[in-house]
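This report refers to the structure that appears directly beneath it.
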Amino acid sequence: MRKNIITLALFTIFIIILYFPIFNNFFQQDEWSAFANIYIVGYREYILNALIPDPGHYVPFARILLAVYFKMFQLDYWKWALVSVIWHISNSFLVYVLARKIFKENWQAFSSGILFALFAAGQQATSWVVADGATHGATFFILLSIILFFESKIWLSLLMLLFSLLFKEIAVGIFAFFPLLIIVKNYLEKKKIFDIRILYFIVVAIFYVGFRYLTFLGIFSNITAPIITESQTANDITYNIATFPIKGISQIIIPQYILLETSKFIAIKLPDGIAGLPGTNFFDNFYLKYVFESLVYFVFVIISIIMILLLKFKRNKMVTIATFGLIFAAINSMIYALSPGRSSFIPIIDSRNLYLPSIGIIFFIVGIASLFKNWKLSYIFILIFTIFNFVVTKIELTKISNIGSQRQNILNQITQDNLLLKDKQIFYIESDTSYYGLPDEIRILPFQSGFGQTLLVWFSNQSDFPKDLYKDQFLWDLKSQGYKEVGNRGFGYFRELNLLKSTLSEYNLSIESVVAYSWDSKEEKLTNITEAIRSKLKGDKKR
């Protein structure tokens, strides 16, 4: 017990030191849409709706948890960040508990837990708070499932697996992984290959897949949701399923940040006629599609050669653990190829989706480290990996927190200037920059979803907006602008002056309802230009 408390305390200290920058981060994208949906239907209805089978993603536990968080925390970001960090500490400790059952040695168990705690691959699961409940919750219960499996508590293990899937459907591969583990273990121990436990997993898997198939057909509800075949062809789906395990393994062992920076460096050294000019869409597409992809395959080939040599010349318990670690990572990377709404070419697996597969890679790394005859070399090997991931994660989290602070400053400035909104309020904001791959002529603020919806949700605490204002994803799209009235209340957001003028005329709105800002991306400065824009609008109206 004392050893566990000390271990948990150490994990907590290291994780807080590493993830402290996320307390300066901010909401990023999908959460604004989720918050708007909660405002539309209310907490109780949102939770009840979460239980209705969805043909896209059926993750009721994650949606319920999101509603509970929002009820408790509202838009106090630091509280969301704190809960996310606590989830990650809990999962790191469970990795330690699982590793102790697998390796039997404390140093290997501690190495596994601390590596997971500081690993760069899945940092987005903790740093992006809207991904927190789903990814952390699913991983927490799948870790419990694996631990119970090793304790031969099969039905409890299966129950935890189902709980995991109700948070996020990322552990479907476990239905194949556990039977494979049983078969190999029985074979090595010269027991009967088929085991009644395999039948249990097959039965539950058929039940779950059957249930999801019926939800896909719309048997339980008339909810519509995007499906994978809308954005990918059969060839795309096949290619992604085949290559995601390769990409997952490579992008976990070598952090994406390093792979991306190396790919850019190589592409810059190539002639402009081949790679294009840095900063252009052609260059970005080239280095991602050809250089980054090739680098990922190269890393995987090196790993494969190492494993083939080990299996041929040094087959023992540690090599078996390392092998199954890779299999675990491969199986649990494959499912992300079936995510709806993704484009045909997917070179980079989202960091949060590497959180669960990284557990397998950690056991692979610790298994390899355990092969050194000199224990000092084993410690040095683990230490190098740990420090390397700590530094890379710190760089990424600092970058993310800087963007988050920038977004908070923008919203805080607008709030201070507009403590009381008008019944019919319009925001007009000019920008000098296009972000997130948009065409140069579409200039927005550095927010990953429509800034109009962000403002609408942000001001909800101090303005009693009608629920219908939030409906139909109003102003959620990144390029969106427009105006909407419900009863005597209205809200609008524009970045094009001509569209603003026509809207004022169409709805017979007062020019005094317009508040205007200008964004300077180089100076990272938001300037209030309300008087100038109102004067311009008045001048144009007189003509």
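Values quoted throughout were computed directly from the atomic coordinates according to the rules given, and no laboratory measurement underlies them. Every value quoted in this text rests on a predicted model; they were computed, and no experiment measured them. Counting neighbours? That spans all protein chains shown, and the Cβs are built from the backbone with ideal geometry, glycine included.
Worth pointing out:
- Mean-position separation - Cα centroids, segment 385-426 and segment 283-340, in angstrom: 35 Å
- Computed FRET value (nearest 0.05) for residue 423 with residue 281, which takes r as the C-beta separation and R₀ as 45 Å: 0.60
- Loop-resident sites, segment 400-482, for trypsin sites (Lys or Arg not before Pro), counting at most 15 other Cβ within 10 Å (DSSP): 479
- Its alpha carbons considered, segment 418-542 gives a radius of gyration followed by a Dmax of 14.1, 41 Å.
- Alpha-carbon centroid distance for the pair segment 15-46 / segment 153-201, whole angstrom: 34 Å
- Semi-axes of the equivalent ellipsoid for segment 229-371, Cα gyration tensor, largest first, Å: 29, 19, 12
- Cα-centre dipole for segment 229-371 with unit charges at Cβ (Lys and Arg positive, Asp and Glu negative), debye to 20: 640 debye
- Charge-dipole axis of the chain as Lys and Arg at +1 and Asp and Glu at -1 on Cβ define it, positive-most pick from 188, 397, 42: 188
- Summarised in one figure, the compactness ratio Rg/Rh of the chain, Cα atoms and Kirkwood Rh, is 1.00.
- In this Cβ point-charge picture (+1 for Lys and Arg, -1 for Asp and Glu), the chain has a dipole of about 1880 debye about its Cα centre.
- Helix 137-150 vs. the chain, principal-axis angle (Cα, 0 to 90°, nearest 10): 10 degrees
- Most positive-pole-ward Cα, 294, 274, 346, against dipole of segment 233-350 from beta carbon charges: 294
- For segment 89-191, trypsin sites (Lys or Arg not before Pro) meeting the loop criterion (DSSP other than H, G, I, E, B) and having at most 15 other Cβ atoms within 10 Å: 104, 153, 190, 191.
- Dmax and Rg, reported as Rg then Dmax, of segment 1-225 (C-alpha, Å): 19.4, 60
- From the largest down, segment 112-269 spans 58, 46, 33 angstrom on the principal axes of its Cα atoms.
- For the chain, the longest principal axis of the Cα atoms and the long axis of helix 154-167 meet at an angle of about 20 degrees.
- Pairs beyond 24 Å (Cα-Cα), from 192/247; 269/525; 104/190: 192/247; 269/525
- The loop-placed GluC sites (Glu not before Pro) in segment 97-206, going by DSSP, that have at most 13 neighbouring Cβ atoms within 10 Å of their Cβ come out as 105, 151, 189.
- Around the Cα centre of segment 1-225, unit charges on the Cβ atoms of Lys, Arg, Asp and Glu (plus for the first two, minus for the last two) sum to a dipole of about 860 debye.
- Taking the number of Cβ atoms within 10 Å of each Cβ as an exposure proxy, the fewest-first ranking of 160, 72 is 72, 160.
- Virtual paramagnetic centre 7 Å along Cα→Cβ of residue 258, amide N under 15 Å, in segment 298-335: 298-303
- Cα long-axis angle, helix 60-73 against the chain (0 to 90 degrees, to the nearest 10): 50 degrees
- Here is how the number arises for the chain: DSSP H runs of 4 or more residues each give -39500 (n - 2.57), the sum is divided by the residue count, and the result at 222 nm is -20000 deg cm²/dmol.
- Residue order, fewest to most beta carbons within 10 Å, for 254, 170: 254, 170
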